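Just so it is clear, none of the values below were taken in a lab; they were calculated from the coordinates. Since the model is a prediction, treat every value here as computed from it, not as a measurement. Positions of Cβ are backbone-derived with ideal geometry, glycine not excepted, and every protein chain shown enters the neighbour counts.
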Amino acid sequence: MPLSKSWIWLRIAAIITLLYCAGHTMGVPWTPATGPAEQAVIAAMKTARFDAMGATRTYWDFYLGFGVIVSLYLLVQACVLWQLAAIERRSPGTTRPIAAAFCIAFIANAVIAQQYFFIIPLIMSLMIATCLAVAFYVSPHGAVDPN
């Protein structure tokens with residue numbers, strides 16, 4: 001049965017992570033500001049300058065920069081999960097610890113998304129974590145080291 005193959009679940013997780021990345025990136029600049037109060041906050045973020053380790057920055061620079069970094073990390077995670085699937089396909093059971101680590105990270109992402117953001121990143125994180133948990137579960141235990 002194809003869904004009992006752990007590498008397929010890793011590929012599904014990779015694809016969902018790539019979609020998460022695309023959705024996050026399309027949200028630039030990540031501000032749902034429509035009213036004058038929100039626009040005033042954004043204007044203040046863009047104009048309040050301060051020294052940060054020898055560089056002059058604004059809160060907007062940090063806000064936008066962190067958003068871009070999140071997109072980059074999601075893209076890298078999608079690539080790594082895709083590559084893990086290839087490794088898992090060749091050597092079943094070898095990627096279990098990495099899948100578990102990613103699963104824990106996406107569960108933490110879901111908690112943070114629920115606390116500070118909104119439903120879409122929460123759902124995406126839970127879908128990815130579920131795929132990784134299934135990949136971990138169906139992956140053979142105690143894989144034999146080929147060396």
Under the Kirkwood approximation for Rh and a Cα-based Rg, what ratio Rg/Rh is obtained for the range 1-87? 1.21
Kirkwood-based Rg over Rh for the range 44-107 (C-alpha set), two decimals? 1.27
Sort R57, R90, R11 by Cβ crowding within 10 Å, fewest neighbours at the top. R90, R57, R11
Taking max minus min of the Cα coordinates of the range 83-147 on each principal axis, largest first, gives extents in Å of 46, 17, 15
Report relative contact order for the chain in percent, whole number only (criteria: Cα-Cα under 8 Å, sequence separation at least 6). 38
Report, in whole Å, the centroid distance computed from the Cα atoms of the range 10-24 and the range 99-121. 13
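Rank these for me by crowding, E38, E88, going from fewest to most other beta carbons within 10 Å. Walk me through the intermediate numbers first.
Numbers: E38 12, E88 26.
Ordered by Cβ neighbours within 10 Å, fewest first: E38, E88.
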For the chain, the longest principal axis of the Cα atoms and the Cα long axis of helix 6-26 enclose an angle in degrees, to the nearest 10, of 10
Rounded to the nearest 20 debye, dipole of the chain from Cβ charges on Lys, Arg, Asp, Glu: 260
Only counting other Cβ atoms within 10 Å, I'd like L126, L132, L84 sorted with the fewest neighbours first. L126, L84, L132
Run a plain Debye calculation on the chain (Cα atoms as equal point scatterers, no solvent) and give log10 I(q)/I(0) at q = 0.11 Å⁻¹, rounded to two decimals, same order as the q list. -0.53
What is the helix-to-structure angle for 36-47, meaning the angle in degrees between its Cα long axis and the longest Cα principal axis of the chain, kept from 0 to 90 and rounded to the nearest 10? 90
Between helix 96-116 and the chain, what is the angle of the helix's C-alpha long axis to the longest principal axis, kept within 0 to 90° and rounded to the nearest 10? 30
